1. Can you tell me which of 159-170, 188-199 comes out highest on packing, and rank the rest after it, using the mean Cβ neighbours within 10 Å?
2. What length, rounded to one decimal in nm, is gained on full extension from T47 through to L78, with 0.36 nm per residue of separation minus their alpha-carbon distance?
3. Against the longest principal axis of the chain, how steep is helix 202-240, in degrees 0 to 90 to the nearest 10, with axes from Cα atoms?
4. Suppose the chain between R89 and A115 were pulled fully straight at 0.36 nm per residue; how much longer would it get relative to their current alpha carbon spacing?
5. With axes computed from alpha carbons, what is the tilt in degrees of helix 76-85 against the longest principal axis of the chain, rounded to the nearest 10 within 0 to 90?
6. Treat each spin label as a single point 7 Å out from the Cα along the C-beta direction, and report the Y164 to V186 distance in nm.
7. Any idea what Rg and Dmax come out to for the range 22-82 if you just take the C-alpha atoms, in Å?
8. Where in the range 69-110 does the label zone of R204 land, with the point 7 angstrom along Cα→C-beta and an amide N cut-off under 16 Å?
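Bear in mind these aren't lab numbers, they're just calculated from the coordinates by the rules spelled out. No experiment lies behind these values; they were computed from the predicted model shown. Cβ placement follows ideal geometry from the backbone for every residue including glycine, while neighbour counts extend to all protein chains displayed.
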Amino acid sequence: MNGERDGGAVSSDGMLKMQELAERSGVSAGTIKHYLREGLLPEPVKTSRNMAYYPRDFVDRIRLIKRLQEERFMPLKLIRRMLEDEPERVRALVEIEDRIIERALAAREQKRVSAAEIRRRYGIPQNVLDRLAELEVLTPNTRGYDPDDVQIIEAIGRFRAGGYDEALGFTVYDTLRYREALEPLVAEEVRTLLDRLAEVDVDRAAEIIRSGAEPLQELIGAIHSKLLLAELARQRSVTSGPNGAP
């Protein structure tokens, strides 16, 4: 039997043939060969010109590569560098992300507010809500709006009540300015948080991030307020001239 078992798929020392590796990882043999060519996997143990065996830990590594590629849209070159540097750290970061996302999605689904209730509470025209959804500023589903959507809608309602209306040129497209400004900041924030929490227990890391959400919003709001006032003062000094005269 040449020391093989399971229909010849597994060698006597627990190594896997390509067919078995593909079945256990859920990734095609062609994709695995591509990963090998790209340097994402170490070279297999070759017993002949046409026969190679792969360590069992390749299964988890291949699954991780596929997740990073498909769920986080990472290019293979970046994945290779990450796995070369700290493969266990990468796995820890993925686990933290998944745990946070699972908890956040579950909490949001339980607290959704129906579209009818939103219209009753805030009186915002449906076409405005629809346009914000088209812009992906709001992300409603058939069950309504999630808590962040509700806060955005409430803020827009207060803006409109304070005079920020279409007659003065204020439109839903103004929200894109803030989203576009915040996107790189949030991306950097996530990288920093995950890097610092990679060595922390997953549950503890998720709790730290959850508990920091509200004070972070307050921090950003306070900094924005200070910057807004400072910019208004700067504009006044520019228009007033060096001696304070128009």
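1. Numbers: 159-170: 11.1, 188-199: 13.3.
With the highest mean Cβ count within 10 Å placed first, the list reads 188-199, 159-170.
2. Numbers: separation 31, 0.36 × 31 = 11.16 nm, distance 3.12 nm.
Contour length minus the Cα-Cα distance gives 8.0 nm.
3. Computed tilt is about 40 degrees.
4. On the way: separation 26, 0.36 × 26 = 9.36 nm, distance 4.20 nm.
Residue separation times 0.36 nm, minus the Cα-Cα distance, leaves 5.2 nm.
5. Orientation of helix 76-85: about 70 degrees from the principal axis.
6. About 1.7 nm, to one decimal.
7. Rg then Dmax for the range 22-82, in Å: 11.7, 37.
8. 92-93, 96
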